[in-house]
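The values are calculated or read from the model by the stated rules, or taken from the named source; none is laboratory data. Just so you know, these numbers come straight off a predicted model, no measurement behind them. Every residue, glycine among them, receives a Cβ derived from its backbone with ideal geometry; neighbour counts consider all protein chains shown.
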Amino acid sequence: MTDLSGKMHKPETVCVFGTGDFGRSLGLRLLQSGYSVVYGSRAPKNSLLLPKGSKVMTHAAAACDAHVVFVAVQREHYRFLSSLASDLEGKVLVDVSNNLKRGLYPESNAEYLSRLVPGVTVVKAFNTISAWALQSGGLDANRQVLICGDCADAKQQVVDIAQSLGFTALDRGSLRAAAELEDLPLQLFPLWRLPLNIAICLTAFIFFYALTRDVIYERVTNGKDIAFRIMISLANKAFPIVSLVMLSLCYLPGALAGFLQLYNGTKYRRFPDWLDRWMLCRKQLGLLALAFGFLHVLYTLVIPIRYYVRYRINVYTISLVKDNNTYEFDNTAAWRYDSYYSMGILGFGLFVLLGITSLPSVSNSLNWREFCFVQSKLGYITLLLCTAHTFLYGWDRFLKPASYRWWMPPAYMLSLVVPCVVLILKLILITPCVDRNVTRIRQGWERQGKISANGRDTKTNHPLIA
């Protein structure tokens with residue numbers, strides 16, 4: 001390695017305990033970044049799989065050659081480190097381990113390692129980075145390295161290594177945060193659980209509701225078997241309904257939060273926990289709604305080539321020819337269908353725009369006002385267009401008694417309940433008199449009589465959170 005003056009410098013040596021997939025990938029990346037790598041192994045002779053250019057020796061010998069030691073072994077194998085206490089004295093041990101499940105041990109692996117080898121400085125890092133991310137250099141995987149530890153100098157050394165490998169380092173505080181970092185790789189879509197449960201439950205309910213009204217009703221009352229409609233027709237009823245309801249659920253918590261702030265007269269009261277969780281997963285609700293909307297578009301595009309549709313068109317055409325009748329042009333129907341399709345196309349186009357702006361690479365390029373304009377104002381316009389699309393689909397069928405089979409309203413009517421509630425609440429919030437008060441509250445104004453001298457709510461006696 002050379003500096004700006006052209007002088008040669010001996011590359012810094014980094015030690016890696018562990019020759020598994022992660023240890024080998026880490027060593028390879030370190031070598032590519034200009035470090036000298038030495039492996040500590042129980043069997044130094046078995047080094048065929050190690051990166052070319054690295055050295056392998058016993059744990060004690062390897063520890064003597066480097067100041068920073070990566071411990072890439074499982075917690076149950078930490079015992080051998082206690083016998084190396086004198087060799088590791090004053091060195092920085094980087095713990096990269098994770099557990100198989102949460103709560104497996106009473107303390108974090110990093111804290112246990114610090115207690116096992118008291119003469120070292122332990123830093124928790126690289127446990128959220130996979131071997132694949134190391135091999136790809138972070139180009140096609142997570143680029144963020146989370147770091148925690150009690151010594152600022154030791155953490156800085158690890159930060160320098162992470163940055164030289166092409167990663168972004170984020171300091172998460174003291175070693176007490178190690179337990180939280182070790183739980184991160186065990187999480188499975190934590191913010192997606194509630195939206196996925198809502199999507200599954202809604203889809204199942206709407207599908208079986210439509211199945212009862214369309215297929216089972218015809219079988220019981222008329223003896224007709226139209227079960228073939230399950231694959232396309234019923235699915236294409238469930239998907240748009242779920243999409244519209246979930247899009248509405250993205251904006252309902254914001255409206256509820258506005259009314260809660262009006263009721264409390266301050267923005268310094270915490271929202272209920274259920275509303276907090278709801279608001280945190282609005283992005284996931286919206287993306288799932290977009291996915292169902294996209295499925296609706298695809299299913300709609302295949303309608304003209306369906307056998308059942310082509311059969312119905314042929315039968316109707318032949319009947320007109322046999323009866324010598326003509327198909328009269330209905331100007332009202334033309335307006336209705338064109339408006340129906342236009343609202344759907346515009347609504348889906350804005351829906352896609354909302355999904356694109358939710359991507360980190362796009363949202364990071366927008367300032368806060370631009371992001372709010374797209375996600376809030378255009379979002380409500382999207383909801384309005386999609387709701388109008390549904391109203392035009394139903395048209396006047398809600399007035400016909402034949403539409404209520406077994407006293408069950410058409411499925412599209414169910415999909416309009418939540419969107420209409422959201423739009424009505426939003427209409428109330430944007431009226432000048434209400435909007436003025438909400439804006440003042442969100443700017444810090446508080447209603448007189450709501451705040452006591454000790455900073456507690458006079459009505460509930462709950463502390464106010466700034």
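Considering the stretch 417-437, and only residues there that are touching a residue at least 40 places away in the same chain (Cβ under 8 Å) and under 29 Å from the mean Cα position of the chain (by Cα), the residue that is surrounded by the fewest Cβ atoms within 10 Å (Cβ to Cβ) turns out to be Val421. Within the stretch 190-201, residues that are more than 16 Å from Ala238 (Cβ to Cβ) have Cβ atoms under 7 Å from residues that are in a helix (DSSP H, G or I) in these pairs: Leu191/Leu280; Leu191/Gln284; Trp192/Gln284; Leu194/Arg277; Pro195/Gln284; Pro195/Leu285; Pro195/Leu288, counting only partners at least 6 apart in sequence or on another chain.
Residues in the stretch 86-123 that are closer than 16 Å to Val14 by Cα and either in a strand (DSSP E or B) or of a type in the set (Ser, Thr, Tyr) (or both): Val92, Leu93, Val94, Asp95, Thr121, Val122, Val123. Would you call Gly34 touching a residue at least 60 places away in the same chain (Cβ under 8 Å), in contact with a Ser or Thr (Cβ under 9 Å, 6 or more places away or on another chain) and small (Gly, Ala, Ser)? Yes, satisfied. Highlighted here are the helices (runs of 4 or more DSSP H) found entirely within the stretch 244-324 that include at least 2 residues which are polar (S, T, N, Q), touching a helix residue (DSSP H, G or I) at 6+ places or on another chain (Cβ under 8 Å) and at pLDDT 90 or above: 282-301. Based on this model, can you work out whether Gly223 counts as of a type outside the set (Asp, Glu) and either surrounded by 19 or more Cβ atoms within 10 Å (Cβ to Cβ) or part of a helix (DSSP H, G or I) (or both)? Judged against the criteria, Gly223 is not a match. For the stretch 65-82, the tally of residues that are surrounded by 15 or more Cβ atoms within 10 Å (Cβ to Cβ) and either within 29 Å of Pro106 (Cα to Cα) or hydrophobic (A, V, I, L, M, F, W, C) (or both) stands at 10. Restricting the stretch 20-57 to residues that are aliphatic (A, V, I, L, M) and surrounded by fewer than 19 Cβ atoms within 10 Å (Cβ to Cβ), the residue that is modelled with the highest pLDDT is Leu31.
Against the criterion of being over 15 Å from Phe70 (Cβ atoms) and of a type in the set (Gly, Ala, Ser), Ser136 qualifies. Residue count for the stretch 180-216 under the criterion of being over 30 Å from Glu111 (Cα atoms) and either in contact with a Phe, Trp or Tyr (Cβ under 6 Å, 6 or more places away or on another chain) or of a type outside the set (Ser, Thr, Tyr) (or both): the result is 22. Considering Asp396, Asp435, the condition of being more than 30 Å from Arg219 (Cβ to Cβ) and either modelled with pLDDT of 95 or more or assigned by TED's automatic domain parsing to the domain that holds Ile356 (or both) is satisfied by Asp435 alone.
Of the residues Ala66, Ala62, Ala85, the single one that is touching a Cys at 6+ places or on another chain (Cβ under 7 Å), farther than 20 Å from Ala162 by Cα and not aromatic (Phe, Trp, Tyr) is Ala62.
When each of Ser361, Ser342 is tested for being assigned by TED's automatic domain parsing to the domain that holds Gly293 and either exposed (fewer than 13 other Cβ atoms within 10 Å of the Cβ) or touching a Phe, Trp or Tyr at 6+ places or on another chain (Cβ under 8 Å) (or both), the lone residue that passes is Ser361.
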